[in-house]
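Presented below is the structure to which this report refers.
The values are calculated or read from the model by the stated rules, or taken from the named source; none is laboratory data. These figures come from a predicted structure and were not determined experimentally. Backbone-built Cβ (ideal geometry, glycine too); neighbour counts: all protein chains shown. To get the accessible areas, we keep the full protein, side chains included, count just its heavy atoms, and leave off ligands, DNA and RNA. Shrake-Rupley method; radii C 1.70, N 1.55, O 1.52, S 1.80 Å.
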Amino acid sequence: MRVGIIGCGYVGLTTGVCLAELGHRVVCVDNDEEKIKKLLSGTLPIYEPGLDKLIKKNKNKIKFSTNIKDAVVNNEIIFICVGTPSNPDGSPDLSYVENVAREIAKYLDSYKIIVEKSTVPVETADWIKKTIERYKKNNVEFDVVSNPEFLREGTAVHDFLYPDRIVIGVESEKAKKSMLRLYQKIKSPKIVVDTKSAELIKHASNSFLATKISFINAVANICELSGADVEKVALGMGLDKRIGKDFLKAGIGYGGSCFPKDVNAFIWISEKLGYDFSLLKEVKKINERQRELFIKKIEDTLWTLKDKTIGILGLSFKPNTDDIREAPSIYIIKSLKEKGAKIKAYDPKAMVKMKQVFPDITYCDNPYEVAKNSDCVVILTEWSEFRKLDLKKIKNLLNQPIIIDGRNIFEPQKMTKLGFVYKCIGRK
Ligand code: NAD
């Protein structure tokens, strides 16, 4: 099939490349000229494991352009994959989606399926439809489909090609048939529903996962106050099939470009529809408090922070990505700097992006350089290379043998045996 992709970020690029891998012809468009220049020269604008190989393998089936017209004309299915960030009041900024809908309308030349892949509040498909109707220049027919994306950065290619399910929200038999044909090589279950239900599935899923994280973080705080061990509690809970062990990892809270904004958007749309989703408001509050409690933990360990050197390991919002959007590290580093601490940091992939946020902290080539002459090491992202650190070497390099671990990657007893003051989340 012939497919147009609008927005070449984590979702759009992965979608385009994976659809080419499934045998389709794809035109990927972005209005960021730098991004397209990079892609045309064979460089990836983002770090996503496996994506570079797949682009090379399918390069004859993928074209890149900065012109939306190229994504529309001659293509049967057009994916909208632009960002939907939060406005300051928590509502989603749908201006990118609206903009793209208007542009698509201009170039409609035959029947097309417009797919909203971006995460959007319920009723957005209706708005896209109204917008295209309003701006289209001729009488061609079209369908708007909701096909939310569930990929995770770091494992995006695998998640796209082997998803737990594919959700397809349609209002016509014709669109349903085309979408099922598009994905026929993927063997996962396909849930075909109406567009509103599809839109809600995405917000409800992300909000539920965020709820699980905040729940275990709240339990971690009770563990700390009572002397229990949250890792043991989570194991005991997670083995119950009704609960499941995923997303029961206590830490410094969720971040990233999805959970915070999707929880905000779900609270906002619920309110707009006349329902006060107070549970989600609390999920958000617990998440924010978790970062504050972690900063307090650092202060409780080091006492004053003025002129102390704090070594940070991990900047990305989670491992295996260079994405720092809404990363807890940004909030924590900002707060530590305000309290007068000097920051040294290392991350395997996210330092280039973090330099734009904090140009004035010291970036190191490896974790050992971070530890050297620092007053403590603070772990903010659970990259697997941190689990394999030579801890004796770290201990010798530090001014004081202190590790404050926001991701529970080490065993407290082992760390104490090694002579560390080791503070983590929800366990002693
Ligand atoms: P992103 O910011 O990485 O990419 C969006 C891209 O759209 C950017 O490259 C931007 O330049 C481009 N763009 C914006 N306006 C444009 C226009 N008018 N014409 C052409 N291109 C335009 O965002 P992302 O992380 O890929 O997320 C996209 C959407 O998918 C969001 O709604 C997000 O919530 C959702 N989503 C993201 C993930 C994830 O893990 N990142 C997972 C599932 C769903």
**Item:** Subset of segment 101-114 that is open to solvent by less than 10 Å² (accessible area, probe 1.4 Å) and within 12 Å of the ligand (Cβ to nearest atom) - its residue that is farthest from Val29 (Cα to Cα)
**Value:** Ala101
**Prompt:** Of (1) within 13 Å of the ligand (Cβ to nearest atom); (2) within 24 Å of the chain's Cα centre (by Cα), Asp70 satisfies all except one. Which?
**Reply:** (2)
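Do any strands (runs of 3 or more DSSP E) entirely within segment 1-103 hold 3 or more residues that are β-branched (Val, Ile, Thr) and at pLDDT 95 or above, and if so, which?
Values: elements: 2-6, 25-29, 62-65, 77-80.
The qualifying strands (runs of 3 or more DSSP E) are 2-6, 25-29, 77-80.
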**Asked** Of all residues in segment 43-70, how many are touching a helix residue (DSSP H, G or I) at 6+ places or on another chain (Cβ under 8 Å) and either within 21 Å of Asp109 (Cα to Cα) or open to solvent by less than 70 Å² (accessible area, probe 1.4 Å) (or both)?
**Response** 18
**Asked** Does Pro348 qualify as being surrounded by fewer than 16 Cβ atoms within 10 Å (Cβ to Cβ), at pLDDT 95 or above, of a type outside the set (D, E, K, R) and not in a strand (DSSP E or B)?
**Response** no
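Could you list all residues from segment 104-114 that are assigned to a helix (DSSP H, G or I) and charged (D, E, K, R)?
Applying the first criterion (assigned to a helix (DSSP H, G or I)) to segment 104-114 yields 104-107.
Lys106, the sole residue that qualifies.
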**Message:** Any residue that is assigned to a helix (DSSP H, G or I), touching a Phe, Trp or Tyr at 6+ places or on another chain (Cβ under 7 Å) and either in contact (Cβ under 8 Å) with a residue 12 or more places away in the chain or small (Gly, Ala, Ser) (or both) - is there at least one of those in segment 186-203?
**Reply:** yes
**Prompt:** Does at least one position in segment 75-94 carry a residue that is surrounded by fewer than 20 Cβ atoms within 10 Å (Cβ to Cβ) and closer than 21 Å to Val26 by Cβ?
**Reply:** yes
**Request:** Please enumerate the residues belonging to segment 250-260 that are out of contact with any Pro (no Cβ under 8 Å at 6 or more places or on another chain) and either surrounded by fewer than 17 Cβ atoms within 10 Å (Cβ to Cβ) or within 15 Å of Arg291 (Cα to Cα) (or both).
**Result:** Ala250, Gly251, Gly256, Pro260
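Provide a single number: the residues in segment 158-168 that are away from the ligand (no atom under 12 Å from the Cβ) and not hydroxyl-bearing (Ser, Thr, Tyr). Full working, then the answer.
Initially, segment 158-168 is screened for residues away from the ligand (no atom under 12 Å from the Cβ), giving 158, 161-162, 164-166, 168.
Next cut, not hydroxyl-bearing (Ser, Thr, Tyr) only: 158, 161, 164-166, 168.
The number of residues fulfilling the criteria is 6.
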**Request:** Answer yes or no as to whether Lys106 is farther than 28 Å from Trp268 by Cα and either at pLDDT 95 or above or not assigned by TED's automatic domain parsing to the domain that holds Trp383 (or both).
**Result:** yes
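Do we find that Lys395 is touching a Phe, Trp or Tyr at 6+ places or on another chain (Cβ under 7 Å), in a helix (DSSP H, G or I) and buried (at least 17 other Cβ atoms within 10 Å of the Cβ) in this structure? Give the steps one after another, and end with the answer.
Values: touching a Phe, Trp or Tyr at 6+ places or on another chain (Cβ under 7 Å): yes; in a helix (DSSP H, G or I): yes; buried (at least 17 other Cβ atoms within 10 Å of the Cβ): yes.
Answer is yes for this residue.
For Asp262, indicate whether it is outside any helix (DSSP H, G or I) and either closer than 23 Å to Asp323 by Cβ or within 16 Å of the ligand (Cβ to nearest atom) (or both). So that I can check it myself, show each step before the final result.
On the way: outside any helix (DSSP H, G or I): no; either closer than 23 Å to Asp323 by Cβ or within 16 Å of the ligand (Cβ to nearest atom) (or both): yes.
Answer is no for this residue.
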**Asked** Going by the conditions given, is Val357 open to solvent by 70 Å² or more (accessible area, probe 1.4 Å) and within 25 Å of Tyr254 (Cβ to Cβ)?
**Response** no
**Request:** Of the conditions (1) over 26 Å from Asn287 (Cβ atoms); (2) surrounded by 14 or more Cβ atoms within 10 Å (Cβ to Cβ), Ile191 clears all except one; give me its number.
**Result:** (2)
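Of a type in the set (Asp, Glu) and open to solvent by less than 70 Å² (accessible area, probe 1.4 Å), is that true of Asp159? Steps first, please.
Values: of a type in the set (Asp, Glu): yes; open to solvent by less than 70 Å² (accessible area, probe 1.4 Å): yes.
Yes, satisfied.
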**Asked** For Asp32, all conditions in the list (1) within 11 Å of the ligand (Cβ to nearest atom); (2) charged (D, E, K, R); (3) in contact with a helix residue (DSSP H, G or I) (Cβ under 8 Å, 6 or more places away or on another chain) hold save one; what is the number of the exception?
**Response** (3)
